[in-house]
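Novice: Could you have a look at this structure, given as structure tokens, before my questions?
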Amino acid sequence: MSERQPTIWINVTTSANWHRSAVGIVRVERELRDNLRKLYPVGQFKECIWTGDGFSVFAAGAGEAKAGSNIEVLELPAALPVSYLFPVLPKRQAVIAIAQGAMSLVPDRLRPALDRLMRRCKAPVVQAMNYLAVRRYRKQAKIVASEPHTMGSKADKDLVFSHPFQAGDVLISVGLDWSWTFYKDFYYLRTREKVKIVTCCYDLIPVLYPQYCVGEVASMFTSYFLDIAEGSDMVLCISKQSEQDLLEMLDRTGGRKVKTHVFPLGDNVPSGGGSVSSEVEDVASEPFILFVSSIERRKNHEVLYRAYHLLCQEGKRVQLPKLVFVGMPGWGVGDLLKDIELDPLTKGMIIQLNHVNDAELLKLYQSSLFCVFPSLYEGWGLPVGEAMSLGKAVLSSNRGSLPEVGGDLVCYVDPWSPRAWADEIYRMATDEVWRTEWEQKVKTQYQARTWADAVITVKNAIQSIESSGF
Amino acid sequence: MKILVLCTYPIRNPVHGGQLRVRNMVDTYLRAGHEVQVVGVLGSDQYPPEEGFVKFPGHEALVSVYPEPFLMEDYAISKLFAESQIWFERLAAKVSIVPDVIEVVQPWLFGFCQRYVVQACIQPAIVYSSQNVESSLKERIVRSYSREKRALAVADSIHTAEVAAISGSDGVICVSQTDLDWSRQHSDKSMLLAPNGVKPWAVSDEGNTAAKTIVGGKQFSIYCASAHPPNMTGFFEMFGGGFGSLMPDQSLLIVGGAGPAIAGDVRVHQSAKLAERIVVAGIVSQSCLEGLLDLAHCVVLPLTQGGGTNLKTAEALWSGRYVLATTVAMRGFEDFLGAQGVFVADDPSDFKRALRHVMALAPLQLSDADCNKRKRVLWDESLSLLPSFIEQIEKEKNINV
């Protein structure tokens, strides 16, 4: 009798609930799914989805739709309780989103009044939310404090959720898992049901740099990483930096020393469908510098604005190309965006593009003079790789994992120095020989990382845990 | 020989370390054939009334001699009973023996003692029984709650009282070598090192059943501590900043007054996983505590403050379980450093890593030699030299008189 081949499962809960253009983690989950499927015999690779009370087999139906461009939207079974039209946000983020929505929707003439009203309301709302948070703490504390407590728990119960996995199967779960509850039970799935669990660590930014994140996320994410370390046979890390950050955190907190595997992300820019809008065509018709990233404090758009301000102040505006930000505005950048909007020196020099599709992104990369990436910290830095894969010169911060992506093929600039950015931007923009040298270096030496290659290393890593004992 | 013991807590039903130590000292004297009377002041309104004790004087009375008695009630008591005629007489009236030896536990009633021997026209040997270097301990406690200037002033006042007690006594009993070395700087009189200990126990069926009701079949480490502030400080210093030491099916059981205090502290929710992993047993019966120690895999002693020696360390060592402690917690038990099943870590990360390591070990099986070594922590052993020491001090005093 032949031995049963373990089934390789991938948890596609994140992709299946994502109805917008695929961003970082969603893309990773989908690329892993699509490329791993090609590497395993038919029937050995399956998809599953979290339904709220267990994992179920998931099969993308024939009704797969296209959203905007080439991004497929998986059709969910009607019974799934997780299929909301809009994703559920943490309360604090939701309040911010409501406020942003209101500001965007009211007529221009009413905005100053609404802004005044919101500023007046901000303190009481923050107070109320803090009060709720403290009340939650106290409630938890009361629960813990009511004595005597007993330890009756999962130690003497069965696993609390249903699942289709068999002992020896491998479950790969690389999505936005912290948004759900299932990851907490991976430990029981691993130790009792003998399912091999593979998870992913993208970065430890919420733990290491909570100041750049919404709410008090440091403790929550520390808890998450401690849980997945307990619950995983292997944690995939998207860079050596992320691996090092994870292992240091586990070491510091006494967490389980889990096996890790570094797999650099593919950096081929999707060349898929969607048409290029006239707005993007207009932008691309003139020289410009490109920065692809969501607009948030950690990404450090501010240093670029300040650099532009300095250059304009020095009378170099005429020689400067436009600076194009591609990405959605996020938390904590309201004041910066207002500065950019109102600053007479830089007015018209900095352009924001939002909701660009893959074709537009490709067009922007290809048409740009060069790319910039001044982030204060990264777990990887995909846009740097994408820019290089298209032969572009890049000015990049040297923090976090960025040197792993750029090697010695990008020009590094101190992310805390607007002066340094001003000088390097000006040089790269005006000295064509210098810029061409960097481009040549990239074109001749950069070896693009493909998703197919990345996934082969993942498959090999999975094989190594498949053969290890329980 | 008649021995008068002066202290600021009742000892009939001892709960905290200080009470246990005095109770065991008294029992040791009694077993050696001495007559003992314990007299004192209840240092808190939480203590039950007990024969020989003046009730807690109350805030108003304390304020009359010390304007800011918060965390300094014991010092205010020392001033009140030394300086106020009414309060002095109330306490003096409790003494019903003519003592050959007066043992003053901690410095708080030393002023009273000095005044009493003068007024009673007696010349007993006076022995100062130290439990800590009180001035530095109190400074750290006050510093956690109050401004630095006050902490320094407090330390200064207590230092003066403490040195007066040491230098004004005919002999000093210390709880650890560190304390003895410190005391030696202030007196060349005889000194005895008498570490804290523990009473031997054998787990009863009742204790075993009560313990099993709390822990089920789960593997756990245990922290036994009172709500004394340094116990909380050490706990959060060692387990703050994320707590990954325990697997989801393991727990950290907190027994004693520290449990509710820790669970009600917001810091428990600020350290990832800590709130999830702790289980509060609260104050349990002695038999239940013994049952819990018997079922525990490891006893943790995450203390970073406090002088003297920790009674809970003796208890942990006697339990025969793994002991994971800080150097502070091992003070007075230095000969157990490196012993089988004893782990010491002072850095929070090291402590957390060590806990994970210990929890993964097979249950501790002590060798016969190590079993015997752990017997040294029993009160019978730790206080064995006490009667002869007191007798010698009394003899020397008589010769000098």
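Here, each number is a calculation from the coordinates, and none is a lab measurement. Being a predicted model, the structure only gives us computed values, none of them experimental. We place every Cβ from the backbone using ideal geometry, glycine too, and count neighbours over all the protein chains shown.
Novice: Rounded to a whole number of µm²/s, how large is the Stokes-Einstein D of chain B at 25 °C and 0.890 mPa s, given Rh as the Kirkwood radius over C-alpha pairs? List each step's numbers first, then the result.
Specialist: Values: Rh = 22.1 Å.
Using the Kirkwood radius from Cα pairs, D works out to 111 µm²/s.
Novice: Which three lengths, in whole Å and largest first, does the stretch B:1-88 cover when its Cα atoms are put on their principal axes?
Specialist: Extents along the principal axes: 43, 27, 18 Å.
Novice: So, one more: Straight-line reach from A:Lys443: which lysines have a Cα under 16 Å away, not including same-chain ones fewer than 8 places off?
Specialist: Hits, sequence-local ones excluded: A:Lys392.
Novice: Taking 27 Å as the cut-off for C-alpha to C-alpha distance, list the pairs among A:Lys38/A:Lys363; A:Lys257/A:Lys459; B:Lys55/B:Lys395 that go past it. Don't skip to the end; give the middle numbers.
Specialist: Numbers: A:Lys38/A:Lys363 29 Å; A:Lys257/A:Lys459 21 Å; B:Lys55/B:Lys395 34 Å.
Beyond 27 Å: A:Lys38/A:Lys363; B:Lys55/B:Lys395.
Novice: Would you kindly state the longest site-free stretch of chain B, with sites defined as GluC sites (Glu not before Pro) in a DSSP loop (not H, G, I, E, B) surrounded by at most 15 other Cβ atoms within 10 Å?
Specialist: Details: sites that count: B:Glu50, B:Glu51.
The longest uninterrupted stretch comes out as B:52-401.
Novice: Let me ask another. Please give every one of the lysines within straight-line cross-link reach of B:Lys149, meaning a C-alpha to C-alpha distance under 23 Å, and leave out same-chain neighbours fewer than 8 residues apart.
Specialist: Qualifying lysines at Cα under 23 Å: B:Lys79, B:Lys138.
Novice: Take a quick pass over the stretch B:205-377 and tell me how many lysine pairs come in under 25 angstrom between Cα atoms, counting only ones 8 or more apart or on separate chains.
Specialist: Close lysine pairs under the 25 Å cut-off: 9.
Novice: Now for a different question. Please state the equivalent ellipsoid semi-axes for the stretch B:303-401: what are the square roots of 5 times the Cα gyration tensor eigenvalues, largest first, in whole Å?
Specialist: Values: eigenvalues 237, 58, 13 Å².
Value: 34, 17, 8 Å, ordered largest first.
Novice: Further question: Need one number: the % of Cα-Cα pairs in the protein assembly as shown sitting beyond the 52 Å mark.
Specialist: Working: 131941 of 378885 pairs.
Here the tail beyond 52 Å accounts for 35 percent of pairs.
Novice: Sorted from largest down, what three extents in whole angstroms do the Cα atoms of the stretch B:205-377 have along their principal axes?
Specialist: 43, 35, 29
Novice: Label A:Asp34 and B:His16 with points 7 Å out from Cα along Cα→Cβ: what is the distance between them in nm?
Specialist: In this crude label model, A:Asp34 to B:His16 measures out at 6.7 nm.
Novice: Right, next: To the nearest whole number, what is the average tally of beta carbon atoms from other chains within 10 Å of the beta carbons of peptide B:260-268?
Specialist: Working: counts 6, 1, 3, 9, 6, 3, 5, 0, 5.
Other-chain Cβ atoms within 10 Å of each residue's Cβ, averaged: 4.
Novice: From the backbone phi of the stretch A:201-212, what are the Karplus-calculated ³J(HN,Hα) couplings (6.51 cos²θ - 1.76 cosθ + 1.60, θ = phi - 60°) in whole Hz, Gly and Pro given as x?
Specialist: Along the stretch A:201-212, the couplings run 10, 7, 6, 10, 4, x, 7, 7, 10, x, 5, 9 Hz.
Novice: If you don't mind, another one. Short version: what are the Cα gyration tensor semi-axes of the stretch B:304-354, square root of 5 times each eigenvalue, largest first, in whole Å? Could you put the intermediate results ahead of the total?
Specialist: Details: eigenvalues 49, 40, 16 Å².
Sorted largest first and rounded, they come to 16, 14, 9 Å.
Novice: Right, another one. What's the long-distance tail for the stretch A:278-448, i.e. % of Cα pairs beyond 22 Å? If you can, show how the numbers build up before the last one.
Specialist: Numbers: 5495 of 14535 pairs.
Summing the P(r) of the stretch A:278-448 above 22 Å gives 38 percent of all pairs.
Novice: Could you work out how much longer the chain between B:Arg147 and B:Val163 gets when fully extended? Use 0.36 nm per residue separation minus the Cα distance between them, nm to one decimal.
Specialist: On the way: separation 16, 0.36 × 16 = 5.76 nm, distance 2.44 nm.
3.3 nm is the gain from fully extending B:Arg147 to B:Val163.
Novice: Further question on the same structure: What distance in nm separates the two pseudo spin-label positions at A:Val433 and A:Ala97, each 7 Å out from Cα along the beta-carbon direction?
Specialist: Label-label distance for A:Val433 and A:Ala97, simple model: 5.3 nm.
Novice: Give me the three principal axis extents of the stretch A:332-421 from the C-alpha atoms, as integers in angstrom, largest value leading.
Specialist: 37, 32, 23
Novice: Let me ask something additional. Rounded to the nearest 5, what is the percent of antiparallel bridges among the DSSP beta bridges in the protein assembly as shown? Mind dumping the intermediate values first?
Specialist: Numbers: 7 of 87 bridges.
Of the beta bridges lying entirely in the protein assembly as shown, close to 10 percent run antiparallel.
Novice: Mind listing the long-range amide H neighbours of A:Lys259? Cut-off is under 5 Å, sequence gap 5 or more, other chains count too, H placed in the peptide plane at 1.01 Å from N.
Specialist: Close amide H contacts, sequence-distant or interchain: A:Val235.
Novice: Per residue Cα convex hull volume for the stretch A:237-366, in cubic angstrom?
Specialist: Residue-normalised Cα hull volume stands at 153 Å³.
Novice: Taking the stretch A:285-387, which GluC sites (Glu not before Pro) meet the DSSP loop condition and have no more than 11 other C-beta atoms within 10 Å? Let's see the in-between values first.
Specialist: On the way: sites: A:Glu296, A:Glu302, A:Glu314, A:Glu341, A:Glu360, A:Glu378, A:Glu386; in loops: A:Glu296, A:Glu314, A:Glu378.
Here the GluC sites (Glu not before Pro) that fit, given the DSSP loop and packing criteria, are A:Glu314.
Novice: Next question. Can you find, among A:Gly43, B:Ser226, A:Trp380, the residue sitting farthest towards the positive end of the charge dipole of the protein assembly as shown, where Lys and Arg contribute +1 and Asp and Glu -1 at Cβ?
Specialist: Looking along the dipole axis, the top candidate is A:Gly43.
Novice: Please list, or write none, the lysines whose alpha carbon is within less than 20 Å of the alpha carbon of A:Lys347, excluding same-chain residues fewer than 8 places away.
Specialist: Straight-distance partners of A:Lys347: A:Lys316, A:Lys322, A:Lys338.
Novice: Let me ask something additional. Collect residues whose amide H, placed 1.01 Å from N in the peptide plane, falls under 5 Å from the amide H of A:Asn300; neighbours closer than 5 in sequence don't count.
Specialist: A:Leu376
Novice: Let me ask something else. Taking the stretch A:171-223 on its own, what percent of its Cα-Cα pair distances exceed 14 Å? Could the numbers behind the result be given before it?
Specialist: On the way: 815 of 1378 pairs.
Summing the P(r) of the stretch A:171-223 above 14 Å gives 59 percent of all pairs.
Novice: Within chain B, which DSSP H helices have Cα atoms that stretch 24 Å or more along the helix axis and a mean Kyte-Doolittle hydropathy of at least -1.0? Don't jump to the answer; show the numbers that get you there.
Specialist: On the way: long enough: B:148-167 (28 Å, 0.38).
TM-like helix candidates: B:148-167.
Novice: In addition: For the stretch A:382-470, divide the Cα radius of gyration by the Kirkwood radius and give the resulting Rg/Rh value with two decimals. List each step's numbers first, then the result.
Specialist: Numbers: Rg = 17.5 Å, Rh = 15.0 Å.
In the stretch A:382-470, Rg relative to Rh is 1.16.
Novice: Restricting attention to the stretch A:358-467, which chymotrypsin sites (Phe, Trp or Tyr not before Pro) occupy a DSSP loop and are surrounded by at most 14 other Cβ atoms within 10 Å?
Specialist: Values: sites: A:Tyr365, A:Phe370, A:Tyr377, A:Trp380, A:Tyr412, A:Trp416, A:Trp421, A:Tyr426, A:Trp434, A:Trp438, A:Tyr446, A:Trp451; in loops: A:Tyr377, A:Trp380, A:Trp416, A:Tyr446.
Here the chymotrypsin sites (Phe, Trp or Tyr not before Pro) that fit, given the DSSP loop and packing criteria, are A:Trp416.
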